[in-house]
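Everything on this sheet refers to the single structure shown next.
No lab work stands behind these numbers, since they all come straight from the coordinates. This one's a predicted model, so the numbers in the text were calculated from it and none came from an experiment. When we count neighbours, we look across all protein chains shown, and the Cβ atoms used for this are built from the backbone with ideal geometry, even at glycine.
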Ligand SMILES: Cc1cc2nc3c(=O)[nH]c(=O)nc-3n(C[C@H](O)[C@H](O)[C@H](O)COP(=O)(O)OP(=O)(O)OC[C@H]3O[C@@H](n4cnc5c(N)ncnc54)[C@H](O)[C@@H]3O)c2cc1C
Ligand SMILES: Cc1cc2nc3c(=O)[nH]c(=O)nc-3n(C[C@H](O)[C@H](O)[C@H](O)COP(=O)(O)OP(=O)(O)OC[C@H]3O[C@@H](n4cnc5c(N)ncnc54)[C@H](O)[C@@H]3O)c2cc1C
């Protein structure tokens with residue numbers, strides 16, 4: 001029962017996907033900087049920093 | 001419920017101690033939960049008792065028997081004598097070792113183990129029937145992991161000589177002759193194993209090829225190997241009825257318009273497996289099923305009933321032990337409050353046939369069906385020094401990658417140790433590796449893994465060890 | 001130069017057709033270069049003729065002989081009879097197949113092949129001496145890949161009965177007894193192989209452990225296995241002198257203050273290999289060497305002389321075939337104008353001992369020496385279902401990762417199929433994978449690769465199949 005690659009077209013290593021989930025980040029919103037549009041951990045971190053920034057601004 | 005009977009409170013109740021359930025129980029306990037796991041049969045489930053482990057033990061014994069019966073090495077003359085009763089005892093010792101391990105692991109992780117059959121009485125309550133009594137348990141969370149069982153053919157019901165994989169794995173003798181109905185991976189693994197042990201084997205397959213879920217390039221090599229043991233493979237054959245007597249069974253099957261009969265000591269029916277969902281009382285509590293009778297779950301392994309989770313063979317997806325275990329971890333982690341989810345790009349699948357088959361991700365056929373532009377790289381075992389030095393130069397490694405980006409999408413391996421070569425390829429897909437990543441990674445010489453690197457180079461157009469035309 | 005002799009013009013001249021040279025020649029040809037490769041001996045170099053391939057062929061034959069001599073499977077009684085002459089012939093057929101393959105590959109890629117010995121006469125000119133004549137070649141680019149040869153001990157010179165690995169691989173009989181001087185990987189592979197074939201083997205090692213380049217946890221398991229064949233391992237032993245007669249050799253060695261003698265049919269000296277740099281005329285043209293006599297190269301495999309490159313055993317780094325081939329590709333690509341460079345994070349190393357050892361990247365010992373904060377995860381073969389079902393439950397997988405980031409830094413595997421398991425780990429390191437990446441990648445059940453996943457979980461602190469205390 002070979003299982004095809006999931007339809008998820010977002011490219012990120014398993015640990016990065018986990019990190020994003022745990023941080024409540026939807027990977028589709030993150031700007032990738034890795035090769036082939038791969039999302040790196042730093043990209044998620046940058047997104048988090050940005051989001052935090054936006055949040056504190058809106059206060 | 002018996003009047004005055006106490007209802008015990010449990011935090012996490014796991015139903016079924018197969019590779020789904022026992023792994024879920026251990027992970028939940030590791031994360032601080034108090035866990036009770038209930039199984040009506042043996043710890044380890046189908047996988048350890050009547051599936052993966054005993055089948056692979058017999059397969060490896062058959063391989064050793066075959067290699068010693070007719071040595072593939074010139075200059076090493078060998079003989080082999082089979083005492084199948086002892087092989088069975090050894091197989092059982094392997095099973096006992098692994099199930100004993102599960103028992104130790106559950107204990108070591110302070111999981112409470114109960115033997116009994118579970119039925120849901122309420123959405124947060126289950127009744128456990130042991131041989132002598134019944135008990136009710138109120139749970140905060142429940143994980144259903146009751147697995148699957150062999151499908152029985154209505155026209156060819158199980159009997160003394162019409163058996164499932166359960167009995168086939170425990171026969172105390174090698175049957176003189178065996179008819180296998182169903183040429184999927186379980187039928188092929190077992191049919192080929194008994195053929196190696198000397199049985200006269202016939203395999204009936206309904207579609208036009210054995211291992212129909214795999215590409216013809218793969219199944220063809222297995223089919224060729226089956227010829228070595230005079231296995232009679234009949235494709236497009238529909239088993240119709242069976243007559244059993246003292247000494248054997250006569251099976252009638254249709255081949256197009258024609259009707260044929262074949263006689264053997266046993267008929268082994270391996271036409272698929274059915275999820276164990278019917279007798280759990282799922283309807284009582286309203287658990288939603290798919291139209292195939294599987295439990296409907298989301299990516300956190302949650303059913304439609306709050307706090308009831310389901311994993312393994314009873315939920316959609318490949319019915320494989322490693323999928324069950326993966327989901328077991330996810331369910332346990334979600335229950336413990338983690339942000340886990342079923343979130344893999346690929347699941348490898350292995351057939352322990354001879355030669356071994358291992359696949360992961362997209363095949364070339366899938367890619368064509370999806371109209372995807374892909375690069376394909378194929379490298380033969382015959383051009384790999386290690387394979388030749390191992391006297392095992394049959395097979396190939398094949399990679400499928402996105403044409404434009406080079407991203408690895410899938411891989412198929414057939415040949416010796418395919419089961420171990422697929423690990424690198426699954427990791428490559430998970431990590432979003434490209435053909436270049438694989439080709440530029442140094443692979444030790446002389447190892448079979450070099451074929452992975454070289455097939456990436458083939459796909460890239462500049463392989464060293466095959467000539468490009 | 002003989003007056004009037006013509007000097008031929010060649011574009012790329014490759015000296016030596018081992019795994020460095022022939023791979024460089026093929027890659028350069030693929031990239032459009034006109035290539036001439038010269039070797040004074042056989043295509044394939046040491047690796048295919050007197051190294052990796054013949055040794056692994058004998059190792060796999062010995063493994064088969066041993067498994068059939070004393071079946072590890074209860075219920076399968078086997079016998080084995082050895083005709084070593086035929087095993088040698090088979091080994092040679094394996095070598096011929098692989099070297100024939102190289103010939104075909106070179107031809108298929110239109111590489112011009114010359115047999116002869118090369119000396120540099122000018123920085124852009126080399127003389128090739130064949131048996132009957134000499135020719136001069138002016139080259140635009142040259143790749144030196146002349147490899148290495150066994151080191152001879154001054155006090156114990158090679159003779160009829162004092163042999164190197166070259167002769168050991170081609171003995172026409174299994175020696176009744178054999179003394180191996182040097183317990184590195186070549187000595188262990190060959191000593192253990194002859195022991196399995198029935199020779200009475202003594203191994204003398206100068207340091208305090210065999211396989212001194214590997215961690216004690218690894219060498220210990222090999223040492224234990226050697227006991228099975230009554231191999232006498234003497235550590236801290238210094239071979240002093242030898243006396244040879246018609247029937248054997250008597251070797252004198254020092255063990256601390258004491259002097260011992262031991263007698264055997266042959267002495268095999270495996271104390272290291274020396275680069276083939278002396279007779280090339282490198283000094284004539286001023287090629288810079290390191291203080292160890294290796295050719296000094298930069299990350300593009302360039303020597304200090306413009307357009308002369310060097311790769312493989314004659315340059316610094318591990319003297320391994322896959323390193324030679326990797327550098328061969330780099331040199332060829334640089335010559336073709338690509339921006340290639342030697343740019344790997346790790347090189348795996350395999351010892352085809354019993355059990356097999358495979359390592360890559362940092363070891364725990366290295367990490368300690370560097371004062372690095374690491375997480376270590378170790379998982380035993382005995383807890384892996386596939387290993388138990390294969391009757392091969394000895395060994396372990398060990399991962400070393402950066403404590404803070406989880407980045408995988410190194411791995412050691414000892415046990416059956418270690419040589420194939422290391423591929424995934426090398427790729428993981430190259431791709432910058434973390435322990436979580438490895439742990440979250442689904443590994444097929446039941447396969448040996450599951451140990452890789454589980455050792456990552458051990459390092460992360462929540463393994464399923466071993467109890468954490
Ligand atoms: C011959 C054979 C070979 C196989 N080989 C492989 C292989 O090589 N690789 C692979 O990945 N997969 C293999 N499989 C498939 C694999 O065994 C299953 O995918 C796996 O066991 C599913 O795990 P599970 O935890 O979902 O359920 P199971 O392993 O089926 O366990 C379910 C458990 O639940 C218990 N149970 C059921 N109902 C109740 C109830 N009402 N109350 C209490 N307990 C209950 C059962 O007793 C059982 O122990 C093989 C299967 C077979 C038959
Ligand atoms: C017993 C043994 C087992 C081994 N096992 C392994 C193993 O399992 N894995 C592994 O990775 N490595 C192994 N090695 C090491 C491996 O063989 C070498 O690292 C590898 O062969 C080096 O490749 P190379 O191309 O640099 O040189 P070589 O393979 O040494 O080839 C050099 C070639 O140059 C030719 N040559 C030399 N001088 C001249 C000249 N002046 N003119 C023309 N031609 C010349 C030689 O004839 C030779 O063919 C083993 C070695 C031995 C001895």
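Nearest 10 degrees is fine. How inclined is helix C:52-69 to the longest principal axis of chain C, computing both from alpha carbons? Tilt of helix C:52-69: around 30 degrees. Placing dummy labels 7 Å off each Cα toward the beta-carbon, the span from residue C:213 to residue B:149 is 5.8 nm.
Between residue C:462 and residue C:245, how many nm apart are label points set 7 Å from Cα along the C-beta direction? It is 7.1 nm. With contacts taken as Cα pairs under 8 Å at a separation of at least 6 residues, region B:1-142 carries a relative contact order of 34 percent.
Over the protein assembly as shown, the reciprocal of the mean inverse Cα-Cα separation, the Kirkwood hydrodynamic radius, stands at 30.6 Å. The alpha-carbon positions of region C:293-401 define a convex hull whose volume is 155 Å³ per residue.
Across peptide B:414-422, the average count of Cβ atoms from other chains found within 10 Å of a residue's Cβ is 5.
Using the count of nearby Cβ atoms within 10 Å as a rough guide to exposure, how do C:50, C:224 rank from fewest to most? Don't jump to the answer; show the numbers that get you there.
Numbers: C:50 23, C:224 11.
In order of increasing Cβ crowding within 10 Å: C:224, C:50.
Placing a label point 7 Å from Cα along the Cα-to-Cβ direction at residue B:8 gives distances to the equivalent points in the other copies of 8.6 nm, listed shortest first.
Taking a spot 7 Å from the Cα of residue C:93 along the direction of its beta carbon, which residues of region B:64-83 have an amide N less than 18 Å from it? Residues B:67-78 fall inside that zone. Computed from label points 7 Å out along Cα-Cβ, the spacing between residue B:177 and residue C:122 is 8.3 nm. For region C:157-199 versus region C:338-358, the inter-centroid distance based on Cα atoms is 25 Å. Per residue of C:77-86, other chain Cβ atoms within 10 Å of the residue Cβ number 6 on average.
Most simply put, the protein assembly as shown has about 65% antiparallel DSSP beta bridges, counting only bridges with both residues inside it. The per residue volume of the convex hull around the alpha-carbon atoms of region C:122-182 is 171 Å³.
Gain in length, residue B:158 to residue B:318, computed as 0.36 nm per residue apart minus the alpha-carbon separation, to one decimal in nm?
Details: separation 160, 0.36 × 160 = 57.60 nm, distance 2.53 nm.
Working it through step by step, the gained length comes to 55.1 nm.
Remark: chain B projects, on average over all directions, an area of 26.1 nm² (convex hull of Cα atoms).
May I ask you to derive the relative contact order of region B:312-452, considering only C-alpha pairs under 8 Å and at least 6 residues apart, and to give it as an integer percent? Numbers along the way, then the final one.
Working: 250 pairs, mean separation 31.5, N = 141.
Relative CO of region B:312-452 lands at 22 percent.
Each part reduced to its alpha carbon centroid, region C:1-54 and region C:381-444 end up 38 Å apart.
Largest first and in whole Å, what are the equivalent-ellipsoid semi-axes of region C:162-271 based on the Cα gyration tensor, each being the root of 5 times an eigenvalue? Mind showing how you got there, number by number?
Working: eigenvalues 82, 60, 27 Å².
Whole-Å semi-axes of the equivalent ellipsoid: 20, 17, 12.
Below 8 Å, C-alpha to C-alpha, sequence gap of six or more: please give me the relative contact order for region B:170-214 in percent. It would help to have the intermediate numbers written out before the result.
Numbers: 56 pairs, mean separation 20.9, N = 45.
46 percent.
Mean partner shielding of peptide C:243-252, defined as the number of other chain Cβ atoms within 10 Å of each residue Cβ, is 0.
DSSP beta bridges confined to region C:1-156 are antiparallel in about 40 percent of cases. Put in order of Cβ neighbour count within 10 Å, fewest first, the listed residues C:143, A:10, B:335, B:442 become A:10, B:442, B:335, C:143.
Could you put B:374, C:231 in order, starting from the residue whose Cβ has the fewest other Cβ atoms within 10 Å?
Numbers: B:374 20, C:231 23.
Taking fewest neighbouring Cβ atoms as first place, the list is B:374, C:231.
Take residue C:373, push a point 7 Å out from Cα through the beta-carbon direction, and compare it with the same point in every other copy: 4.8 nm, smallest first.
Please figure out what share of the DSSP beta bridges in chain B is antiparallel and state it in percent, rounded to the nearest 5. DSSP beta bridges in chain B are roughly 60 percent antiparallel. Computed from the C-beta positions of residue B:238 and residue C:130 and an R0 of 45 Å, the FRET efficiency is 0.05 to the nearest 0.05.
Between region B:311-337 and region B:66-90, the alpha-carbon centres lie 39 Å apart.
Sorting the segments B:426-436, B:94-104 by their mean number of nearby beta carbons within 10 angstrom, highest to lowest, gives B:426-436, B:94-104.
Can I get the semi-axes of region B:326-469's equivalent ellipsoid? Compute them from the C-alpha gyration tensor as square roots of 5 times the eigenvalues, in angstrom, largest first.
Details: eigenvalues 158, 69, 38 Å².
Over the Cα atoms of region B:326-469, the semi-axes work out to 28, 19, 14 Å.
Using Cα atoms only, what is the angle between the long axis of helix C:216-228 and the major principal axis of chain C, expressed in degrees (0 to 90) to the nearest 10? Its long axis makes an angle of about 80 degrees. Enter the angle in degrees (range 0 to 90, nearest 10) between the Cα long axis of helix B:450-460 and the first principal axis of the Cα atoms of chain B, meaning the one along which they spread out most. The angle comes out near 70 degrees. Taking only the alpha-carbon positions of region C:1-132 and ignoring solvent, what does the Debye formula give for the base-10 log of I(q)/I(0) at q = 0.15, 0.16 Å⁻¹? After summing over all Cα pairs, the log10 values are -0.79, -0.85.
For region C:59-182, with equal point scatterers placed on the C-alpha atoms only and solvent neglected, what are the log10 I(q)/I(0) values from the Debye formula at q = 0.12, 0.14, 0.16, 0.18 1/Å, to two decimals? The calculated log intensity ratios at q = 0.12, 0.14, 0.16, 0.18 Å⁻¹ are -0.80, -0.96, -1.08, -1.17. With a cut-off of 18 Å on the backbone N, no residue of region B:428-469 is near the modelled label site 7 Å out from residue C:115 along Cα-Cβ.
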